[in-house]
Amino acid sequence: MRAVTCVCFFASLLGLAPLHASADEPTTRAPREPRHALSHDAAITLRPEAALRPLALRAARVLATRTGVAVDVGEPPPEALIEAIPNGHVAIAMSIDAASPGVVRVVLAGREATFFDGQLRIGERRGSAEARALAIAVESLRDAALTTELPSTPPATAAGAVVRVRRQVRLRSDGFPWSRYGADRLPFAKPTIYLRALLGLSTARSTFLIGPGTGLGLCISRHCVVIEGDLPLIPEERANDRYRVRYRFLNFSARFQFRPFQFGAFTPGLSFGFVTRIGTASLVGTDRSQTVTNMGLRATFEAALRIDRRFEVVIEAGVDLALSRAQFINRAGDVLVLEDRWTPWAITGLRLRP
């Protein structure tokens, strides 16, 4: 026993084994886990005002699929202060700013009086695209809350009142038809498609240009870039002293439509671009034919009248300037010009509104 005591005594002197732990010796503590404004498994409760409740119900299903957490739709937020909501609740209300019609405020409440808010524009239709836009907006706020670390002790004023921490979140569009608004508004493109009836006339031409046409384009706001095609049904004939040529062609154009003003249901506009014609010129009375083309410029004025939420009737008048005119070249080397330098025309049609 005495030998064991000696061994322990000398071991303690050499630092191999402490005889006892000092009460003043600091103990090792595990690092503190960071606290965020929202936990990853926290349920989300959408609090839309009454007019936005149907949209919020559709957005809740999309949001639950994207986030994997429980999403519920509750009662409207407080009217006086929509931020007066519990942790994990999202207030959804139309903006009261008269300068921003159609803008919706989305406010997510986090822990310890933290708030994350953003804005988005909701269109009149409020269908699946708008519901997805709202879901992505809430998801953006949630992502910001999940990555915002809270201080170890909540900040407080001298009077002991908790200071609210507010963070403005820049919402991501994720490629869908909505965007943030303000000085750095991000525009987005919408498709347009239309059918029309062509009525053309030239000062030097004895036949009309009559036939169907169609167009397809992309629009930002009311301005569009379109590709169009027209098929005149009545062939043209040109003749000189020796022979006569029948000319059939297709019109193709690419142009920019500029519509800066809107007066209720009426929208005027201007456009300019390029036009080309590809056709066949046949020598009447023979089987001889040639493929001919021309290139030119097109300028128009249009007036559109909205008849439905999605459609508008368009009346358009324009003129084509031929830069390189189509020609028929006979075997003898004779040249017959098939195009006029100037071709005025008019159309009427039905267009899907951008």
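The values are calculated or read from the model by the stated rules, or taken from the named source; none is laboratory data. Because the structure is predicted, anything quoted here is derived from the model rather than measured. Here Cβ is always computed from backbone atoms with ideal geometry, including for glycine, and neighbour counts include all displayed protein chains.
Filtering the stretch 230-271 down to residues that are in contact with a Ser or Thr (Cβ under 6 Å, 6 or more places away or on another chain) and closer than 30 Å to Ser289 by Cα, which residue is modelled with the highest pLDDT?
Phe252
Yes or no: Arg105 in contact (Cβ under 8 Å) with a residue 40 or more places away in the chain and of a type in the set (D, E, K, R)? Break it down into steps so the answer makes sense when it comes.
Numbers: in contact (Cβ under 8 Å) with a residue 40 or more places away in the chain: no; of a type in the set (D, E, K, R): yes.
Against the criterion (in contact (Cβ under 8 Å) with a residue 40 or more places away in the chain and of a type in the set (D, E, K, R)), Arg105 does not qualify.
Just checking: which of the strands (runs of 3 or more DSSP E) contained wholly in the stretch 247-354 hold 1 or more residues that are touching an Asp or Glu at 6+ places or on another chain (Cβ under 8 Å) and among the basic types (Lys, Arg)?
Numbers: elements: 266-283, 289-306, 311-324, 327-329, 335-337, 342-352.
Correct list: 266-283, 289-306, 342-352.
Quick one: Thr286 ticks every box in (1) exposed (fewer than 14 other Cβ atoms within 10 Å of the Cβ); (2) polar (S, T, N, Q); (3) in contact (Cβ under 8 Å) with a residue 60 or more places away in the chain except a single one, so which number is it?
Tallying (1) exposed (fewer than 14 other Cβ atoms within 10 Å of the Cβ); (2) polar (S, T, N, Q); (3) in contact (Cβ under 8 Å) with a residue 60 or more places away in the chain, Thr286 fails exactly one: (3).
Report, by residue number, each residue of the stretch 121-151 that is under 17 Å from Leu46 (Cβ atoms) and part of a loop (DSSP other than H, G, I, E, B).
Scanning the stretch 121-151 gives Ile122, Arg126.
Considering every residue within the stretch 162-169, establish whether at least one is in the same structural domain as Arg58 (by TED's automatic domain parsing), part of a loop (DSSP other than H, G, I, E, B), modelled with pLDDT of 55 or more and over 22 Å from Ser221 (Cα atoms).
Taking every residue of the stretch 162-169 in turn, none turns out to be in the same structural domain as Arg58 (by TED's automatic domain parsing), part of a loop (DSSP other than H, G, I, E, B), modelled with pLDDT of 55 or more and over 22 Å from Ser221 (Cα atoms).
Just to verify a result, which residue in the stretch 215-262, among those that are hydroxyl-bearing (Ser, Thr, Tyr) and over 24 Å from Val335 (Cα atoms), is surrounded by the most Cβ atoms within 10 Å (Cβ to Cβ)? Spell out the reasoning first.
So the first thing to find is which residues in the stretch 215-262 are hydroxyl-bearing (Ser, Thr, Tyr), and the list is 221, 243, 247, 253.
Keeping just the survivors that are over 24 Å from Val335 (Cα atoms) gives 221, 253.
On the way: Ser221: 13, Ser253: 23.
Ranking the candidates gives Ser253 first.
Need the failing condition index for Ala303 against (1) without any contact (Cβ under 8 Å) to a residue 12 or more places away in the chain; (2) touching a strand residue (DSSP E or B) at 6+ places or on another chain (Cβ under 8 Å); (3) of a type in the set (A, V, I, L, M, F, W, C), just the number.
Result: Ala303 passes all but (1).
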